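Structure, as structure tokens:
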Amino acid sequence: MSEHRYRGYRIEYDPPPIPIRTCDWAWTHDDYGGPGDFRCGHSGSLAQAKADIDEQIADIEADEAPCAWCNLPGGHDMDAHNREGEEE
């Protein structure tokens, strides 16, 4: 299993034992809280995982609901929540 870091998420290549390749890459936010926390998913490639993470963060930034990370109103820069030194 290989691990990559991107925007506060851990992305791992962990293909399930099925012939479908659309969920070979699992991604989870560093502060993932378990069931009910939407900051996780599966994608078909590393590039798609990063795109899916970007889309999720953009959706959160555009939303006026409280931020899942800090409980402040949406629309702020989610990159402020990321740790330094991560792969971009």
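Each value in this text was obtained by applying a stated rule to the coordinates, not by laboratory testing. Here the structure is a predicted model, which means the values were calculated and not measured. Neighbour counts run over all protein chains shown; Cβ positions are idealised from the backbone, glycine included.
With a cap of 15 neighbouring Cβ atoms within 10 Å, and only residues DSSP puts in a loop, list the chymotrypsin sites (Phe, Trp or Tyr not before Pro) found in segment 1-35. Counting only loop positions with at most 15 other Cβ atoms within 10 Å, the chymotrypsin sites (Phe, Trp or Tyr not before Pro) in segment 1-35 are 32.
If R0 is taken as 22 Å, the Cβ-Cβ distance between residue 30 and residue 2 corresponds to a FRET efficiency of 0.80.
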